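The values are calculated or read from the model by the stated rules, or taken from the named source; none is laboratory data. Quick caveat, the model's predicted, so the values are computed rather than measured. Here the Cβ positions follow ideal geometry from the backbone for every residue, glycine too, while neighbour counts run over all protein chains shown.
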Amino acid sequence: MSEQTGNFVDQLRFEDEDKKKRKQPVLEGQRKKSLRSRFAGSWQLYVLLAPAIIWVAIFAYWPMYGVQIAFRDYTPVGGITGSQWVGLKHFVRFVTSQNFEVLLTNTLVLAFYELIAGFPIPIILALALNGIRQKYFSRVVQLITYAPNFISVVVVVGILVMLLDPGTGILNVGMRAIGIDPPAFLTDPGWFRHTYVWSGIWQTAGFSAIIYLAALSSVPPELHEAAKVDGASHLRRMWHIDVPAILPIAVVLLILNVGTIMSVGFEKVLLLQNPLNLTTSQVIDTYVYQVGLNSPIPQYSYATAIGLFRSVISLVLLITVNYLSKRITKAGLF
């Protein structure tokens, strides 16, 4: 008995010494050798990764050098470093301007309207397509719904103009034919947001649903079969099996969408914008374009300051929503 106890103690001592050895810091030479060996063992992967890293460095990080324009009175003659440093002058000017409240309100209302209306629809569409037993019909519906995603924004706006033109639009002519006075979809400020948001949902909902359909395809069929045996209805199985399966992906996409709230679709807003609906269609992105490039005297520093202000707010929103998501649902982007 004492011999067994001695062997057990020796084993514990050996394991304790082994743990101490593992906790010892790795020497710098060994670390470098490890990095070299890993690079030598998979150098092909690093070569494939190199173009992406170079692209990000050139087009994402190098342009950040020009952010300092927001803190200077930039002139093309003086250049970036030769222009006078003015600190937060342009930020204060924007925040205290009479356009600030209108621009911020238009941007947030349009972005939240698009998020609230557009975020659940791809989920509902994916759940509906996944529950259809006739797979041929499901594929046809899926093809029809995601095909508009491949249409450019310019073409989509052209289609909207053809459908909603006050004089010759197909929808307006049809409404007059049945005795209904059509609203001014393209010129009424009250209709601008509805036109923008629901045309965007038509264009992107089908393609966005593919992500959720991919997640639903990984759900084990045994779960649904067991639920059927227990007498669960189709809606019950959808709520307790399918929805939890796509919840982590939905949370990540929601965080990404919130991070882009301040950056609504510039091209589409600009194309749908006209002097009659400007009270609701003028957002921060189009205002930056107007004061920075499309004015008789371009205000480069002021436009850069507004763009930087928008980016900082987006970053704060992204980090905040990600933190709340990890606290509530245990799922997050980072």
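Conditions tested, residue by residue: (1) part of a helix (DSSP H, G or I); (2) in contact with a Lys or Arg (Cβ under 8 Å, 6 or more places away or on another chain); (3) β-branched (Val, Ile, Thr).
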site	(1), (2), (3)
Gly231	no, no, no
Arg237	yes, yes, no
Ile249	yes, no, yes
Leu253	yes, no, no
Leu256	yes, no, no
Ile261	no, no, yes
Leu271	yes, no, no
field: Selection within the range 310-330 - surrounded by fewer than 16 Cβ atoms within 10 Å (Cβ to Cβ), of a type in the set (A, V, I, L, M) and within 16 Å of Ala250 (Cα to Cα)
entry: Leu324, Ile328
Qualifying positions in the range 218-253 - touching a residue at least 24 places away in the same chain (Cβ under 8 Å), under 26 Å from Ile144 (Cβ atoms) and not β-branched (Val, Ile, Thr): Ser218, His234, Met238, Asp242, Ala245, Ala250, Leu253
query: Which residue pairs have Cβ atoms under 9 Å apart, sit 6 or more places apart or on different chains, and have a first residue in the range 285-307 that is over 15 Å from Met262 (Cβ atoms) and a second that is of a type in the set (Asp, Glu) and not in a loop (DSSP other than H, G, I, E, B)?
result: Ser301/Asp73
statement: Restricted to the range 174-188 and to residues being assigned to a helix (DSSP H, G or I) and either loosely packed, with under 14 Cβ neighbours inside 10 Å or not assigned by TED's automatic domain parsing to the domain that holds Glu114 (or both), the residue farthest from the chain's Cα centre (by Cα) is Ala177
message: Can you report the number of residues in the range 273-285 which are farther than 13 Å from Leu103 by Cβ and either surrounded by 21 or more Cβ atoms within 10 Å (Cβ to Cβ) or touching a Lys or Arg at 6+ places or on another chain (Cβ under 7 Å) (or both)?
response: 1
- prompt: When the range 174-203 is examined, which residues are found to be at pLDDT below 90 and under 17 Å from Gly158 (Cα atoms)?
  reply: Ala184, Phe185, Leu186, Thr187
field: Test for Ser199: is it in contact with a helix residue (DSSP H, G or I) (Cβ under 7 Å, 6 or more places away or on another chain) and among the hydroxyl-bearing types (Ser, Thr, Tyr)
entry: yes
